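Quick notes on the structure that follows.
The values are calculated or read from the model by the stated rules, or taken from the named source; none is laboratory data. Bear in mind that the values here come from a model prediction, so they are computed numbers and not experimental data. Heads up, the Cβs are rebuilt from the backbone with ideal geometry, glycines too, and the neighbour counts pull from every protein chain shown. With ligands, DNA and RNA removed, areas are computed over all heavy atoms of the protein, side chains included. Shrake-Rupley method; radii C 1.70, N 1.55, O 1.52, S 1.80 Å.
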Amino acid sequence: MAQAISRRNFLRGGLATAAGVAASGVVLPQAVRAAGGQELCTVLDLSKCIGCEACVDACRETWQATVPDPVNPMPKPFPSRVPTQDWSKRKDVSDRLTPYNFLYVEHLDFEHKGQALELHVPRRCMHCVNPPCANLCPFGAGRVEKNGIVNIDPDVCLGGAKCKQVCPWHIPQRQSGVGVYLDIMPSYAGNGVMFKCHRCLPLVKQGKQPQCVEVCPEHVQTIGLRPQMLAQAEALARQKAQADGAAPDRWRDYVYGIEENGGTNTVYVSPVPFAVVSAAVNQAHAQAAPGQGKGRAGAGKQGGKRRKAGFAGRPPMGPVNNTMESAENLTAALVLAPLAGLAAGFTRLFGKKQPPSDQPPQEQPPSEQGGQS
Amino acid sequence: MSVMSYSPGGRAARWLYGIATGFALFSGFGQMPIFKRYYLADLPGMAWTANFFITSDIHYLAAALLLGLLAWRLALDARTTGAAWSWGPRSWWGWTLLGLLVISGAAKVLRNLGIYLPPPLIMVLDFTHLGSAMAFMFTGLVVLVKPKPKPNLRGLAG
Ligand code: SF4
Ligand code: SF4
Ligand code: SF4
């Protein structure tokens, strides 16, 4: 019998935590509790982050136990080249995303304008406004909640990892040997379940704060309704731009997440332009030698090429175009094509009687001309 | 001597319908992560089948062509009698499947625009779309291999 991931277990973990949080008396601001279906967004002021990883620990303590252990032995996929991923023996890994670790902190050392700088960047799912991971999931396992939270239903996900492939940051992580695929055709279809940050959905549903927001000693993250959070991010970014000696209208260089992938509900604000942060992130990933350090093993495969181990499970921070843009644009074709068809039909365009090429025209009696004009 | 009816658009319409349904089915099944797993994407010139954004775009274009053809056919049928269509479903079963595909597909398109639909509804839509596509494909295959019926003069045959 497959070790099913019960939604009840998932929620139970959440409820237990919720009880703890409620006891601590921490609740979402009034605006968030009154959200009524509006999207929640977080703003991260990176100049405040000291890299203590209290957020990472809180996330792990709260959610790691909700991710089940795989069956033993794990089904061998067919064909044999299909890789299985098992992080269950490496649950301690916290310096990259894994199925048992939804959040990690990128520690960066770099130079900016001749000064040595240190920056710490908590990384997890961005909760895109129009997320390809959920939209393109063929089985409805990828979900967008009314409050904008993007999560993966562990009871439905088959672990095919399409969500990871279409996510510009390759966020979702697979654990093989768990989930509903074990009850279907484990060797031939599916490969586990994809896991990622669900923005503490069970807690948020009760009006509580996400754990990583709540425990941060420096109050790096704020969460609220999207319009207010965007205004807050802009005001903050204008300050950062000014402090960095840039023109105030360059404030967008100091935010990440407002335009990326068509817009996300996670907005980072940095004291230096994100072009600089992105370069530092890339450099850090390139320097992470394969197979060294905890969590540096298990390189993922992207685009047919095995990615360098330092990049696997560690999202980049460069510009990202809207991955859903093409689908959004092609919607016009879906609207126009039937309209054009109707117009052509009603004007009898291409609808005139044509004698079939293999039949002499005189075989068509007038009664069968179908009212041709 | 047999009395002949006519098929509007002739062979071109039939070909377009075949191309549209063929590409829609192929790109639709390509939305599941199977083409890479089962080596199709490894065949020369087929690497694109593993790119979900390309197969999604093809799916949209094939669906647009199909919708255009069906709309043209419906409008022409409203204006004209006596057309014996040589393409498209021949039974209420085929039309029902096509209807389910269009409705569930339209809802999925709205979702892809970022319009909120309740997640349980999306799951129903996804499985309806997938199930009707498979049924449509198998029905089509059965019709293709079955011996052809005699030309039906009444146009849309049962
Ligand atoms: S960041 Fe990736 S996983 Fe998260 S919502 Fe966006 S597309 Fe989905
Ligand atoms: S929002 Fe919740 S699930 Fe997501 S990283 Fe923070 S603590 Fe983890
Ligand atoms: S976000 Fe807060 S808790 Fe997390 S590493 Fe930074 S300072 Fe620490």
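Within segment B:133-158, the residues that satisfy the criterion of being at pLDDT 85 or above and within 14 Å of chain A (Cβ to nearest Cβ) are B:Ala133, B:Met134.
Of the residues A:Gly263, A:Gly257, only one is touching a Gly at 6+ places or on another chain (Cβ under 9 Å), open to solvent by less than 30 Å² (accessible area, probe 1.4 Å) and away from ligand 2 (no atom under 16 Å from the Cβ); which?
Details: A:Gly257 fails: away from ligand 2 (no atom under 16 Å from the Cβ).
Exactly one of A:Gly263, A:Gly257 is touching a Gly at 6+ places or on another chain (Cβ under 9 Å), open to solvent by less than 30 Å² (accessible area, probe 1.4 Å) and away from ligand 2 (no atom under 16 Å from the Cβ), namely A:Gly263.
Among residues of segment B:1-34 being surrounded by fewer than 15 Cβ atoms within 10 Å (Cβ to Cβ) and at the interface with chain A (Cβ under 9 Å from one of its Cβ atoms), the one that is nearest to B:Leu67 (Cα to Cα) is B:Ala12. Among the residues of segment A:209-217, is any in contact with a Cys (Cβ under 6 Å, 6 or more places away or on another chain), surrounded by fewer than 24 Cβ atoms within 10 Å (Cβ to Cβ) and assigned to a loop (DSSP other than H, G, I, E, B)? Looking through segment A:209-217, at least one residue is in contact with a Cys (Cβ under 6 Å, 6 or more places away or on another chain), surrounded by fewer than 24 Cβ atoms within 10 Å (Cβ to Cβ) and assigned to a loop (DSSP other than H, G, I, E, B).
Taking each residue of segment A:191-208 that is over 19 Å from A:Asp155 (Cβ atoms) and looking for partners that are of a type in the set (A, V, I, L, M, F, W, C) and surrounded by 24 or more Cβ atoms within 10 Å (Cβ to Cβ) with beta-carbon atoms closer than 9 Å, six or more apart or interchain, yields A:Lys208/A:Cys200. Per this entry, B:Leu43 is not counted among residues that are out of contact with any helix residue (DSSP H, G or I) (no Cβ under 8 Å at 6 or more places or on another chain) and under 17 Å from A:Pro338 (Cα atoms). Taken together, A:Cys133, A:Cys167, A:Cys200 contain a single residue that is closer than 22 Å to B:Ser104 by Cα, touching a Pro at 6+ places or on another chain (Cβ under 8 Å) and among the hydrophobic types (A, V, I, L, M, F, W, C), which is A:Cys133. Only a single criterion out of (1) buried (at least 24 other Cβ atoms within 10 Å of the Cβ); (2) within 14 Å of chain B (Cβ to nearest Cβ); (3) within 19 Å of A:Phe274 (Cβ to Cβ) is not satisfied by A:Val129, namely (1).
Which members of segment B:35-54 meet the condition of being at the interface with chain A (Cβ under 8 Å from one of its Cβ atoms) and under 23 Å from A:Tyr181 (Cα atoms)? Full working, then the answer.
Taking segment B:35-54 as the starting set, the residues that turn out to be at the interface with chain A (Cβ under 8 Å from one of its Cβ atoms) are B:37-39, B:47, B:50, B:52-53.
Passing the criteria: B:Arg37, B:Tyr38, B:Tyr39, B:Ala50, B:Phe52.
Of the residues examined, B:Ile54 is not one that is over 27 Å from A:Gln165 (Cβ atoms), β-branched (Val, Ile, Thr) and open to solvent by 60 Å² or more (accessible area, probe 1.4 Å). Among the residues making up segment B:78-87, those that are more than 8 Å from chain A (Cβ to nearest Cβ) and either surrounded by fewer than 17 Cβ atoms within 10 Å (Cβ to Cβ) or of a type outside the set (Ser, Thr, Tyr) (or both) are B:Ala84, B:Trp85, B:Trp87.
Select from segment A:51-72 the residues that are part of a loop (DSSP other than H, G, I, E, B), within 16 Å of ligand 3 (Cβ to nearest atom) and not acidic (Asp, Glu) and list them in ascending order.
A:Gly51, A:Cys52
Specify which of the listed residues (A:Gln242, A:Gln206, A:Gln221) is open to solvent by 10 Å² or more (accessible area, probe 1.4 Å), on the phi < 0 side of the Ramachandran plot and touching a Ser or Thr at 6+ places or on another chain (Cβ under 6 Å). One residue alone meets the criteria, A:Gln221.
Within segment A:153-166, which residues are free of Cβ contacts under 8 Å to residues at least 60 places away in the same chain, outside any helix (DSSP H, G or I) and open to solvent by less than 30 Å² (accessible area, probe 1.4 Å)? Quick ask: steps written out before the conclusion?
Start the filter on segment A:153-166 by keeping residues that are free of Cβ contacts under 8 Å to residues at least 60 places away in the same chain, which leaves A:156-163.
If we keep only those that are outside any helix (DSSP H, G or I) too, we end up with A:156-161.
Scanning segment A:153-166 gives A:Val156, A:Cys157, A:Gly159, A:Ala161.
Residues A:Pro138, A:Pro122, A:Pro99: which one is away from ligand 2 (no atom under 12 Å from the Cβ), modelled with pLDDT of 95 or more and crowded, with 20+ Cβ neighbours inside 10 Å? Give the steps one after another, and end with the answer.
Working: A:Pro138 fails: modelled with pLDDT of 95 or more; A:Pro122 fails: away from ligand 2 (no atom under 12 Å from the Cβ).
Criteria check complete, one pass: A:Pro99.
Being open to solvent by less than 50 Å² (accessible area, probe 1.4 Å), more than 8 Å from chain A (Cβ to nearest Cβ), of a type in the set (Gly, Ala, Ser) and without any contact (Cβ under 8 Å) to a residue 40 or more places away in the chain is a condition met by at least one residue of segment B:88-99.
Name the residue that is nearest to the other protein chains (Cβ to nearest Cβ), counting only residues in segment A:203-228 that are more than 16 Å from ligand 3 (Cβ to nearest atom) and under 16 Å from A:Tyr268 (Cβ atoms).
The first filter runs over segment A:203-228 and keeps only residues more than 16 Å from ligand 3 (Cβ to nearest atom), leaving A:203-208, A:224-228.
Now restrict to residues that are under 16 Å from A:Tyr268 (Cβ atoms): A:224, A:226.
Numbers: A:Gly224: 19, A:Arg226: 13 Å.
Per the criteria, the residue is A:Arg226.
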